[in-house]
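The block underneath contains the structure these notes are about, expressed in structure tokens.
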Amino acid sequence: MSIAIKQNKKKETVITLPGKFDEIMLDQAIRYMRYLYLTRNSKATQADADALAEEINESAYRKRRKRMAS
């Protein structure tokens, strides 16, 4: 059982997997590779991401609370 990884003439990476694979597992792997590709040049740290997520969550909470109060 071998996995082939090659780059074609269009500079695209082609991964060939033998046999049948679980669709959910492949989808998760592809999403993770896409995440790595999109964040490859990011200088943000995990702490930056956590702070941004917290800020977004607090903002959403305030908006929901304001809507519920009216």
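Observations on the model:
- For segment 3-70, the list of GluC sites (Glu not before Pro) that fall in a loop by DSSP and count at most 10 other C-beta atoms within 10 angstrom reads E12.
- Within the straight-line cut-off of under 28 Å between alpha carbons, the lysines reachable from K6 are K20, sequence neighbours fewer than 8 places apart in one chain being disregarded.
- Cβ-Cβ distance of Y37 and S70, R₀ of 35 Å, FRET efficiency by 1/(1 + (r/R0)^6): the value works out to about 0.20.
- The tail of the calculated P(r) for the chain beyond 19 Å holds 62 percent of all Cα-Cα pairs.
- Farthest positive-ward along segment 21-69 dipole, Cα basis, beta-carbon charges - from I56, L38, L26: I56
- Radius 14 Å from Cβ of Q28, net charge of other residues (Lys, Arg +1; Asp, Glu -1): -1
- Rounded to 10°, Cα long-axis angle of helix 23-38 versus longest principal axis of the chain: 70
- Magnitude of the charge dipole for the chain, about its Cα centre and with charges confined to Cβ atoms of Lys, Arg (+1) and Asp, Glu (-1), is about 380 debye.
The numbers here are math on the coordinates, done by the rules we state, and not lab data. As the structure is a computational prediction, the values presented were derived from the model and not from experiment. Quick reminder, even Gly has a Cβ in these numbers, built from the backbone with ideal geometry, and neighbours come from all protein chains shown.
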